Structure formats: C-alpha cells, structure tokens
1. Consider segment 205-234. How many of its residues are over 18 Å from Ala191 (Cβ atoms), part of a helix (DSSP H, G or I) and not charged (D, E, K, R)?
2. Between Arg355, Arg377, which is basic (Lys, Arg), surrounded by 14 or more Cβ atoms within 10 Å (Cβ to Cβ) and touching a residue at least 24 places away in the same chain (Cβ under 8 Å)?
3. Give the residue that is nearest to Ala221 (Cα to Cα), with candidates limited to residues of segment 256-281 that are of a type in the set (S, T, N, Q) and modelled with pLDDT of 95 or more.
4. Tell me yes or no: at least one residue of segment 61-73 is aliphatic (A, V, I, L, M), outside any helix (DSSP H, G or I), in contact with a strand residue (DSSP E or B) (Cβ under 6 Å, 6 or more places away or on another chain) and not assigned by TED's automatic domain parsing to the domain that holds Gln249.
5. Could you please let me know if Thr186 is modelled with pLDDT of 95 or more and not aromatic (Phe, Trp, Tyr)?
6. Just to confirm my filter: which helices (runs of 4 or more DSSP H) fall fully inside segment 121-185 and include at least 1 residues that are farther than 20 Å from Gln200 by Cβ?
7. Using the structure shown, decide if Val82 is at pLDDT 55 or above and either assigned by TED's automatic domain parsing to the domain that holds Phe309 or assigned to a strand (DSSP E or B) (or both).
8. Going by what's in this entry, would Ser287 be described as more than 22 Å from the chain's Cα centre (by Cα), of a type outside the set (A, V, I, L, M, F, W, C) and assigned to a strand (DSSP E or B)?
Amino acid sequence: MNRVRRALEGQTFLLTAALVAAALLVYVFVFRSQYYQSPAVVRSAGQNEWLEQGFTVAVVWPPHSSVSLVEGITLAMEELPVWSPLHGKMRVQFFTETEDHGAIARRIARQPDVLAVIGHELDSSTVPASITYETNGMLFLSPKSTDIRLTGHEFRYAFRLTPEDRAITTALSHFAKSRGWLRIGTLYGRADHGESAIKQFFTAAGRDDLQIAFMRSFFHAPNWKRQDFREMIATFRGLPFDALMLADQLPGAAKLLMDMELMGIRQPILATDKLDSMQVWQMASTSANNLYVASSVNPASLEPAYVSFRDRFRKRFGVPPGYGASQGYEAMQLLINAITRSGSADPIVVSTTLRTNPWRGLFGEFTFNDTGDIVGRSISIKRMQDGAFTTVLTMTDDSVR
C-alpha cells in the first residue's frame, strides 16, 4: 500500500513539475514577447518623434596633434542653417577613442538617444564596435576603416566612407608598376590592419606581376619611441628591391621610418591611408620624405565643393584640411542630408535612404552598395615632401576594382 501511495505521489510531483514548466514556456514565448522589444526596435520606435524631441550623434576619435575628424565635424555643425529641421535638435557628443576593443561602443549603446555614430579610427575597435551598433539599431558611418570585415557581415546599419583594403592596395600595386618598381619588399605590423592590408597587397601584386623581394613582420612595443627596428632592417637592407610596401599604423610606423633612414634605406615607401596624416611628419620629420600613401582624399582636387570647403576650413582653423578633417566633414554632411531627405531620424529609415540614393560630396558623386561599401570614390597617390602631401596620381574607382 505504501509503495502504491509513494508511486502516486511521485506521479503527482512529475505532473506538477511538467505543468509549471509548461506555464513558464507560455510566459516566455507568449506573454513576455508581448512586452519585450529588442534594443534596435526600441531605438527605432521614436521614428519622426526624434526630430521633435532631439537626438544625439556620437563621435568617437582618438586625440590628434593636428586637425582631424573632430574639426571637420565641428565645421559641418557650425554651418548647419537655422532653417534646417535639425537645427537645435541634433546634438553631437564626442568620445575619446582608446584601444578598448569595442568597450566604448557598448557604453554609447546604453544611451537611448544616440541614433548614429561617426568615427572609430582604430581597426582593433571598429569591427567589434560595428557589431554593437548593429545589435542596438544605431547608424554607423565609418570615415576611415578599410578593414574588409566591416562590411563583410552585410549589416544594415554600417557604412564605409572610404574604399577598403582591396581597392587601396590595388591602387598601390598599380602605381608601383607604373613607376617601374617591380621588386617590392614588404613590411607589416602584426595587428589587424597590417595583417589584412598585406594579404590584399600580395594578391594585387600577383595580378600586376610584381615580385615580392622579401617579407618581414613585427610587433609593436608599448612605448613606440623606444622600439628599435634596426636589427630587422639589417636583414634586408642589402637585398635588391625597388620599393617597400609598409602596412602599419601610427605611431609605430613613424619610428620604423626613422630607423630606416638611419640604416640608409632610400627606396620609396608605399603605404595605405593609415599614414595619410600630418602626424607622420610631426613624428618622423624628413624620414617621411619618400613616403607615398593611397587614400580617397585628394588635396589637389578642383571639385568646386572641395575647393570651397578647403577655403572655409582654412579660414576657420588656420590650416588646410587633411584626410581626417575632410572625411569628418563629409560624414556629417552626409548624415545631415540623409536625415533631411528621409524626413525621419529613425536609423533604419535613414539606412535605407543612404542605400537607395546617389549622393554628392566633396569629391563628386557616390553611392553605397547593398553591403554598405562606398562606390564612386577615387583613390589618390600622394607623396609626403617637406611636411606636405602632393598628389602624384589619381585613379578612378573602376580601375582599382
């Protein structure tokens, strides 16, 4: 009898547990789903109300010793006309970027009024940050990232405002071939940008029948001024090569340029847009005199929009705009125009507007493809000489794809 009672009690317990579990499942999948909304949906819910309540654009950029993206964005905001529906409604909040691998993006995402982000110069942060912005439904305009992974995920909210590494390194390869530099030595930093760019350059060099004379890689020391590259340089300075391809970023690349000059390296040095900055001259001085960079900003452009912007920028800040300042102004103007054309600040609406319309910027007309990559931006090869970049060649978008 006791065994029967215990069996019945066991069956009753199991039945009760099953009913409780079923109730929990009903709550989670039925009742709770009626109240839970994803962060992207919540941010988008304001739709046109954001234009009435106001919203914030986050700008994330590291400190620079010369004018950069921040000054370009500042000028764009100062020029916002009083009759614009965004005047007094669009706020800009600046964040100082560090090597945090996306931590600052997660902090920004916790601010519900931030609808768009412009920035992230550091490749180690850009791709992780883009995932955060996508998850949280925030428009992300990247002015300088060339990492092919940024748009490789086919996100809805991420847009690249400069050609990516494949186009940049193809332009460098074409340029080397046009100059008769057929034997190219390669150096790259063991970080995201260096490893990505050098792989793309190898592919481009193969198509152009360039010979890779040697390959060397290096890690970055915590204190870039104390890093000594001379032992590595000694392993290749006696080898035959016509030019060097340097895939690296500042500040470490500046010390490498200085050490190569000390070791008697006189061949031209090719680099991506990561060295398209006046900081390279401030750090390396005359050691950068034989540096050729490829980027989407052409300081010799005669486009009326760029010429006018350059003059206004010089009048406002006392110096001509460089790569970062030009891209910052371009990004902010694009965002302003896209929101105005959308008639809404809803990120998904603005994203669709960006993808489905042509845009006219400082250097002419461009569009975005389905993955968020820019189409129509030319690439210029510029030489650093005595503290100024001089354009030596400009290639159309079609010629480097």
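1. Count: 4.
2. Arg377
3. Per the stated criteria, the residue is Thr272.
4. Checked against the condition, which is being aliphatic (A, V, I, L, M), outside any helix (DSSP H, G or I), in contact with a strand residue (DSSP E or B) (Cβ under 6 Å, 6 or more places away or on another chain) and not assigned by TED's automatic domain parsing to the domain that holds Gln249, segment 61-73 yields no hits at all.
5. Answer is yes for this residue.
6. Per the criteria, 123-135.
7. It is true that Val82 is at pLDDT 55 or above and either assigned by TED's automatic domain parsing to the domain that holds Phe309 or assigned to a strand (DSSP E or B) (or both).
8. For Ser287, the condition - more than 22 Å from the chain's Cα centre (by Cα), of a type outside the set (A, V, I, L, M, F, W, C) and assigned to a strand (DSSP E or B) - is not met.
The values are calculated or read from the model by the stated rules, or taken from the named source; none is laboratory data. None of these values were measured; they are calculated from a predicted model. Methodologically, a virtual Cβ is constructed for each residue, glycine included, from the backbone with ideal geometry; neighbour enumeration extends over all protein chains shown.
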